[in-house]
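The values are calculated or read from the model by the stated rules, or taken from the named source; none is laboratory data. These numbers come from a predicted model, not from an experiment. As a convention, Cβ positions derive from the backbone with ideal geometry for all residues, glycine included, and neighbour counts pool all protein chains shown. Protein only, heavy atoms only, side chains kept; ligands, DNA and RNA dropped before computing areas. Shrake-Rupley method; radii C 1.70, N 1.55, O 1.52, S 1.80 Å.
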Amino acid sequence: GGFLIYNAVSVSVAQRRREVGILRAPGVTQGSVVRLFCLEALAMACIGVVLGLLLAQHLASFALLSVTETVSRMFVAIQPKPPEITLDIAIAGVVSGVCATLIASYLPARATNKVDPAEALRSTHSTAAVGGSNAVKLAIIGALVSASSPFWAMGGTDGGYAIYVKEG
């Protein structure tokens, strides 16, 4: 999701180069322009979080049904309780969605600081890229998030996704 957000904000910044110049010419600060792009990404994130929470219940039920049939057929018959989206899970989803959006949108939004107002107002064509992307930092962040995902999956009060069999 972070890469999609990064790309969407990067494209938005590149296409709005002239508008950024118009905002900056009368004295809008660089920080204000960065905040505007981050707020736009945050508005999109709110829609995504709501849709994600609505779809999560159905996707969790489908995944559990698929795994339950396989485990029951190949190993031992199980009857897991149906998945439910608790308040804690919803809050964690909202917080992680908002944080991922803000982190992913900040770097391309900060690229608006490289836009010279006079040059942006003079040019008739928007350029494809405002500034160089920092792909190495994004790759490292993505790798760290991916590497830490098993630890998040194992957590929680019910053991997360960890499956254990009690004898008895």
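Of all residues being in a helix (DSSP H, G or I) and among the β-branched types (Val, Ile, Thr) in the range 1-29, which is farthest from residue 106 (Cα to Cα)? Just the residue, please. Spell out the reasoning first.
Taking the range 1-29 first, the residues in a helix (DSSP H, G or I) are 2-15, 17-24.
Pick out the ones that are also among the β-branched types (Val, Ile, Thr) and you get 5, 9, 11, 13, 20, 22.
Numbers: 5: 10, 9: 9, 11: 13, 13: 11, 20: 16, 22: 21 Å.
Among those that are in a helix (DSSP H, G or I) and among the β-branched types (Val, Ile, Thr), it is 22.
When you scan the range 3-18, do you find a residue that is over 30 Å from residue 139 (Cβ atoms) and either modelled with pLDDT of 85 or more or not aromatic (Phe, Trp, Tyr) (or both), even just one? Taking every residue of the range 3-18 in turn, at least one turns out to be over 30 Å from residue 139 (Cβ atoms) and either modelled with pLDDT of 85 or more or not aromatic (Phe, Trp, Tyr) (or both). Just checking, how many residues over the range 21-45 are open to solvent by less than 50 Å² (accessible area, probe 1.4 Å) and either modelled with pLDDT of 85 or more or in contact with a Lys or Arg (Cβ under 6 Å, 6 or more places away or on another chain) (or both)? Result for the range 21-45: 9. Selection within the range 46-84: residues that are among the small types (Gly, Ala, Ser) and under 17 Å from the mean Cα position of the chain (by Cα). The member of this set that is surrounded by the fewest Cβ atoms within 10 Å (Cβ to Cβ) is 56. All told, residue 126 falls short of being more than 22 Å from residue 26 (Cα to Cα) and at pLDDT below 85. Of the residues making up the range 91-100, none is over 15 Å from the mean Cα position of the chain (by Cα), touching a residue at least 12 places away in the same chain (Cβ under 8 Å) and open to solvent by less than 60 Å² (accessible area, probe 1.4 Å). In the range 1-28, the residues that are over 18 Å from residue 114 (Cβ atoms) and among the hydrophobic types (A, V, I, L, M, F, W, C) form Cβ pairs under 9 Å with partners that are modelled with pLDDT under 85 and in a helix (DSSP H, G or I), at six or more places apart or across chains, as follows: 3/138; 3/142.
If you go through the range 71-104 and keep only what is among the polar types (S, T, N, Q) and more than 29 Å from residue 145 (Cα to Cα), you end up with 72, 79. Select, from 136, 145, the only residue that is modelled with pLDDT under 80, in a helix (DSSP H, G or I) and open to solvent by 70 Å² or more (accessible area, probe 1.4 Å). One residue alone meets the criteria, 136. Selection of the range 25-65 for residues being closer than 13 Å to residue 83 by Cα and of a type in the set (S, T, N, Q) yields 57, 61.
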